[in-house]
1. Contact list please: Cβ distance under 9 Å, first residue in the range 1-14 and free of Cβ contacts under 8 Å to residues at least 60 places away in the same chain and closer than 15 Å to Gln43 by Cα, second residue in a loop (DSSP other than H, G, I, E, B) and of a type in the set (S, T, N, Q), pairs at least six apart or on different chains.
2. Using beta carbons and a limit of 7 Å, which pairs, at least six apart or on different chains, have the first residue in the range 311-330 and in contact (Cβ under 8 Å) with a residue 60 or more places away in the chain and over 22 Å from Ile202 (Cα atoms) and the second one outside any helix (DSSP H, G or I) and among the acidic types (Asp, Glu)?
3. Could you grab the pairs with beta carbons closer than 9 Å, sequence gap of 6+ or different chains, first residue in the range 353-370 and closer than 9 Å to Ile305 by Cβ, second one in a strand (DSSP E or B) and aromatic (Phe, Trp, Tyr)?
4. Please give the helices (runs of 4 or more DSSP H) falling wholly within the range 78-169 in which 1 or more residues are of a type in the set (Asp, Glu) and surrounded by fewer than 24 Cβ atoms within 10 Å (Cβ to Cβ).
5. Filtering the range 357-374 down to residues that are part of a loop (DSSP other than H, G, I, E, B) and in contact with a helix residue (DSSP H, G or I) (Cβ under 7 Å, 6 or more places away or on another chain), which residue is farthest from Asn177 (Cα to Cα)?
6. State which residue is farthest from the chain's Cα centre (by Cα) when the search covers only the range 305-320 and only residues that are assigned to a loop (DSSP other than H, G, I, E, B) and farther than 30 Å from Leu352 by Cβ.
7. I'd like to know if the range 165-174 contains one or more residues that are free of Cβ contacts under 8 Å to residues at least 12 places away in the same chain, of a type in the set (Lys, Arg) and on the phi < 0 side of the Ramachandran plot.
Amino acid sequence: MKSLLIRGGRIIDPARGIDEIGSLLIGEGKVLWLGKVDAKPPQPEYDVLSAAGLTVCPGFIDLHCHLRQPGFEAKETIATGAQAAARGGFTTVCCMPNTNPPLDSRETIEFVKAEAAKVGIVRVLPIGCVTKGRAGKELAPLSELSAAGAIGFSDDGSPVPTSQLMMSALRSGRILNMPIIDHCEDTGLTKGGVMNWGSLSISLGLKGMPAAAEDIMVARDVNLAGLTGSWVHICHVSTAGSVDIIRRAKKAGVRVTAEVTPHHLTLTEVKVAGYDTNAKVNPPLRTEEDVKALIQGLKEGVIDIIATDHAPHTAAEKAIGFDKSPSGISGLETALGSLMSLVHSGQLDLKLIISKLAGEPARLIGDGQGKLGMLAIGSPADVAIFDSGKEWLVDTDKFASKGKNTPLAGSILKGKVMATIYGGKLVYKDDSIVVEATEKKEEAKL
């Protein structure tokens, strides 16, 4: 396609300190020019997308999602997950390795990369296993996985079980300058648990998962990271205790980063009260006090990024009852809308949300994929365009994802992605968005 002028939107690029009404010209897969609304672009021919009244920002980057392929294609595929990502404004997604077979070899990493290249909708970066087969017994060939294109290592869905194995992984990660991305859960405390432990779980007759199970493992991981001088990344932080532990570790100089999900920022355990299996997630939805601590941690920079933990499941799997159904929420397509509730209520700033979805994840990934997460001239033309005030119904029948499992089904969200551009290509647009070839009109005005 020709160069595209995105005209008259509110351009927000926290990584570069930009927040202004203006226009953005992209072409040849790159950002070519930024200027004032009435400024003339440096080339005569381009298509025009009017972004008046809309926000234009770097494409979102999800450091934690599940695309399920290979092995669980009934839940999701790389193609359907990529389509869902584009609808959510995401231009880069990092997929977790709990597939079948797991991503613990050069061949499996290369398979994901090849499938993603065929799809070409968004950038897909694989995360390799920490241990062989995610079995928690011995380290996977981390150097081989890194050379094949893995951007980090995780056994997500399961923690690295022993301190000795975690220390070995961290030492290897330090040599490679790559993160060990841990799902922090003391499984001895959570065995059989299906929701947050507390008075509500007792009243519902459901076995609970105490916050301490997360806190204990976060404390272990940051202590080992400090001991080895290595980089640990904490997945889906959900408790006030974890926020406090990470805060103290960062102040002590430990190389720790952390993420929080939209559902842990906006929902509480109350969603489970109706035994809705779509609200069953691991770690579980917690208390209002935990949510407040997570929001504060995000404001302070204790929590570095927002990641979806997009975890699609089939309707049949979610229909077998709360105790037996799998944990997980399909979150790529509702991420922005749910997060905007925190902006509209004054709890978080819009620029902070964009930073935690784009600039900060890009910083963690590094420059190996180009200068992601910003709209600098020459950077990849990855752009999200959204209407912060548009209300829309969460109709899961219209999801691109195979996973319809969300507790937000039937809700009205305020804030909708209107268009997503990946590498200069318009990979998603709302029906109301029109792209016009107006270079002749532009010439006629001169």
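The values are calculated or read from the model by the stated rules, or taken from the named source; none is laboratory data. It should be emphasised that the depicted structure is a prediction, and the values quoted were computed from it without experimental measurement. Backbone-built Cβ (ideal geometry, glycine too); neighbour counts: all protein chains shown.
1. Ser3/Gln43; Leu5/Thr438
2. These pairs meet every condition: Pro312/Glu76.
3. The qualifying pairs are Leu357/Phe60; Leu357/Phe90; Pro361/Phe60.
4. Numbers: elements: 78-87, 106-119, 142-148.
Here the list reads 106-119, 142-148.
5. Taking the range 357-374 first, the residues part of a loop (DSSP other than H, G, I, E, B) are 366-367, 369, 371-374.
Filter once more, so that each one left must be in contact with a helix residue (DSSP H, G or I) (Cβ under 7 Å, 6 or more places away or on another chain): 372-374.
Working: Leu372: 19, Gly373: 20, Met374: 23 Å.
Within the range 357-374, the match that is farthest from Asn177 (Cα to Cα) is Met374.
6. Only one residue tops the list, namely Ile320.
7. Of the residues in the range 165-174, the ones free of Cβ contacts under 8 Å to residues at least 12 places away in the same chain are none.
No: zero hits.
Here's the yes/no breakdown for (1) in contact (Cβ under 8 Å) with a residue 40 or more places away in the chain; (2) not hydrophobic (A, V, I, L, M, F, W, C):
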residue: Leu25; (1), (2): no, no
residue: Leu34; (1), (2): yes, no
residue: Ala39; (1), (2): no, no
residue: His66; (1), (2): yes, yes
residue: Gly71; (1), (2): no, yes
residue: Ala82; (1), (2): yes, no
residue: Thr92; (1), (2): yes, yes
residue: Asn100; (1), (2): no, yes
